[in-house]
Structure formats: C-alpha cells, structure tokens
Amino acid sequence: MKKKSNQQIHQPDEFAKSNLISNHEGYESLKFKKLKAILLIAALLSSLATVLIGLLVAYLVYYPKRKNEAGVLNGAYLVSDHIGLFVVAMVFSATIVAFTILIVLTSKKQLIIDDTTNLAKLTSIGFIASFTDAIFVGSYVTTMGLNKAFKTKMVPSKMPGNMTIGYAPAQILESTIFSVVFDVDIVTLVVMMVACIIGGLVGSWVSKYVNNQIFRLFSGISLFIFGIIMILVHPNIAVIAQVAYPTVKLVGWRLAIGIIAYFILGIFSALGLGIFAPSLAILALLGLEFDAIAVIMSVGAAAMMPPAAIKFIKDKNYDPKTVILFLTGGLWGCLICFLVIYLGIQIGAGIDWDTFKDVLKWIAIVVTFYCSLMMLFDFVKIYGHHGWNEEGSPKSEQRNQK
C-alpha cells in the first residue's frame, strides 16, 4: 500500500472545506432570512397602523380645531359636505394597504439582506424624506441630498424606481390626510390627477433609457429654475402676480394649462425629479389657493406613483432592499410630521395658517436650491473624470450606447 505524501497528508480536504463554508453560509442565510421576515412584517404593520392613526387624528382632532377662511373653527367633520374628497380618502386608504401587500409579496423572493445593508441609513432617509415631503419640500429632492450626505451610494439609474415604489404608500397617506383637512374642487382634482398618472406612465417607460449624467444635469437646471419661480411668486416677494384671485378650482384656459403642466410633471416625477417644487410655482401662478395646491400636488403624485411603480417592478428597475426600507421609514415620517408640525406646532401653538404656510414655502425654496446645486456639482465632478458615462463603468457605457 502506498504511503500518502506529506503534501497529500497536509492538503485540506476540499469536500470538508466546502461543507464548512456551506454550513456557515446556511447559518448566515438563516440569520438574514429572519431579519428579512421582520422587515417585511414591519412594512405591512406600518401601513395598517399609520393609516388608522392618520385618519382618526385628521377627522376627529385636526379638522375640528382648524380655522376656516372666516377665522372660525371648522367644527365636526360632516361627510355630506365633502362627499368627493371623502371617497378619495377611503380609496387611497385601501390602496396604501393593498400596494404594501403587493410590495411585500414581490420582495419576498427578490429581497436580499446582507452585511452591506445600511438598514438604519436607508430607513432614516425614507423617514426624513417623507417628513419633509409633508411640509412641501418634496421627498425626491431630499432623498438626493441625503443620499450624498449619508454616503449610501445608491445607483442613480435605480433611484427613480426606488423612490417611486418606496415612497408611494407614504405619498398616498399624505394625500389621504390632506384630502381630509384641506379643501379643493373635486373636478379640478380628478382631472389633474389623471393627467399626472398618464405622465407618470410615460416617464416610467422613458426612465430606463435616461443617461445618469443627463439626469443630473437636467434635474439640477430644472430645480434651479423652479426655485427662482417659487421666490418670485412667494407672497412675501410677489414680483410675479397670480393670474386670478386665489380660488380652490381651475376653469377654462387655466385648467387646460394645468392639465398640460401636470402631464409633464408626471413624467418628471417618474424620472426622479418630483413635482412639489414645480407644482408650488405653476399652480400658484394659475391662481390656486395654497390649500388646494397642497391637495392637488399630493394627490397627483400619489395617484401617479402606483401605476408607474408597477412598470418599474416589471422592468426590475429598482432595488427591493431600498424600497422596503423607504416604504417603512416613509410611512412613519409622514405620520409623525402631521402629528408634530400640523397638529402640535400649527394648531397646538395657535400659529396663523397664512404665516405658517409662508414659512413652509421658504423652507421648500432653500431645499430646492440646495439639491439643485448638489446635482450640478455632482454632474461637473463626474464629467471631469468620466464624461457622460457615469463612473466609467462598462454597464453604464453599454446602457449609454443603446
């Protein structure tokens, strides 16, 4: 019988080695599977809890304590006085839960949690972005800024899908609450909503062909222009006057312009630009009251997002991990903002609504300019190293050649 050589004796047993690695991976996989299950359950429970709390507080606490144009408290909410908006609120409430279930079921197989997952950072971005969205800063522009500040390194080409899918439930929750506490003409609301949905579907189809560098340049310039318009139409500046006395509805040529504008804004939103900054500028110019603008731009974005999100899901143009964390953080961010800013500060401290909304507009302007400059700075920085091909990656170059 041949004796084994020293090399053979000391050579590791490859089969045993592979078993050891496999067992370790199995343990890791089990640990992350449990975490994955917790994240998915948390997302579903968050949708149920935030909808219930949001509706109860809006109907029973905030609306009765809010003053109307005559300076008198609204009193108890009567469904008969708000049939159209009540229907919108109920449909949207059901949509939040249904959409969350869809995301949970879709992500169940595709979601991968590992040591590189920034759970706290991504959830915090979702929370902060939706919190600021509810005070009219916009979740998209905030996410762009936080992505850089937190160094999460989200792929720009995936950001439109991540934000459209991940922020959809929070955006719908926001529009549900706003449709309860603010007033707007139901016809104007529905028409503008449909235009935004169609624009969003077009934008979700276009987004996969957009070069990341072009997206940065276009977003930066657009936000800068809208920031200037927002300053000029701000009540404290009023360089550009509204075309009509502020009302809660649009008619005639003003409605036609509004429809065209919201179709284009729907495309912008699906591309990851968001519609809050341009909505504040355009709808104010058209003569809408701030309360009506708040409902229209939140409902428009909310109605556009689920159809556009489904397109992103079909194209697999998103990151399931980021989406789930955005979704959970976003829902709580929206609800906490309503409870703290609107109910706690504005109602609790008795701040005049006109003063309150003017301050919110200035905050939105500051954030809009910050994100605009950040996008343009990133464009120049990357262009200096790689030109139009983001990070010079083969994948990016291949996509840009299509």
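FYI, it's all coordinate maths here, none of it is from the lab. Not measured: the values here are computed from a predicted model. With ideal geometry, Cβ positions are generated from the backbone for all residues, glycine too; neighbour counts draw on all protein chains shown.
Points to keep in mind about this one:
- Which listed pairs, of Lys65/Lys361; Lys121/Lys148; Lys36/Lys153, have C-alpha distances above 19 Å, in listed order: Lys65/Lys361; Lys36/Lys153
- Exposure proxy order (Cβ contacts within 10 Å, fewest to most) of Phe92, Phe263: Phe263, Phe92
- Shape summary of the range 83-166, radius of gyration then Dmax from alpha carbon positions: 15.1, 50 Å.
- Distances between placed amide hydrogens fall under 5 Å for Thr152 paired with no residue 5 or more residues away or on another chain.
- At 1.002 mPa s and 20 °C, Stokes diffusion of the range 267-357 via Kirkwood alpha-carbon radius, µm² per second: 139
- Summarised as an ellipsoid, the range 264-317 has semi-axes of 25, 11, 6 Å, derived from the eigenvalues of the Cα gyration tensor scaled by 5 and square-rooted, with the largest first.
- Karplus-derived HN-Hα couplings along the range 171-180 (A = 6.51, B = -1.76, C = 1.60, θ = phi - 60°), whole Hz, x at Gly and Pro: 5, 5, 4, 4, 5, 4, 5, 5, 5, 7
- Exposure proxy ranking for Leu44, Leu119, based on other Cβ atoms within 10 angstrom of each Cβ and starting from the fewest, stands as Leu119, Leu44.
- Taking trypsin sites (Lys or Arg not before Pro) across the range 127-202, the ones in a DSSP loop with at most 11 further Cβ atoms lying within 10 angstrom of their Cβ are Lys151, Lys153.
- Directionally averaged projected area (the range 205-324, Cα convex hull): 8.4 nm².
- Residue order, fewest to most surrounding Cβ atoms within 10 angstrom, among Ile225, Ile259: Ile225, Ile259
- Gyration tensor verdict on the range 193-244 (Cα atoms; rounded if a/c is under 1.5, prolate if a/b is larger than b/c, oblate otherwise): oblate
- Phi-derived couplings, Karplus 6.51 cos²θ - 1.76 cosθ + 1.60 at θ = phi - 60°, listed residue by residue for the range 336-349: 4, 4, 4, 5, 7, 6, 7, 6, x, 7, 5, 7, x, 8 Hz, with x used for Gly and Pro.
- 27 Å tail of the calculated P(r), the range 124-277, as % of Cα pairs: 25
- Selected from Ile128, Gly166, Gly145, residue furthest toward positive end of dipole (the range 111-251; charges at beta carbon): Gly145
- Considering only alpha-carbon pairs that sit under 8 angstrom and 6 or more positions apart, the relative contact order computed for the range 43-202 is 33 percent.
- Database remark: amide H of Asn389 closer than 5 angstrom to no amide H (H placed geometrically; neighbours at sequence offset of 5 or more, or on other chains; Pro and chain starts carry no H).
- Karplus-based coupling profile of the range 72-82, in residue order and whole Hz: 9, 4, 4, x, 4, 6, 10, 4, 4, 8, 9, with θ = phi - 60° in 6.51 cos²θ - 1.76 cosθ + 1.60 and x standing for Gly or Pro.
- Amide proton proximity set for Thr247, modelled H, under 5 Å, gap of 5+: Leu288, Glu289
- Top positive-direction residue, dipole computed over the range 33-165 with Cβ charges, set Gly54, Asn118, Thr106: Asn118
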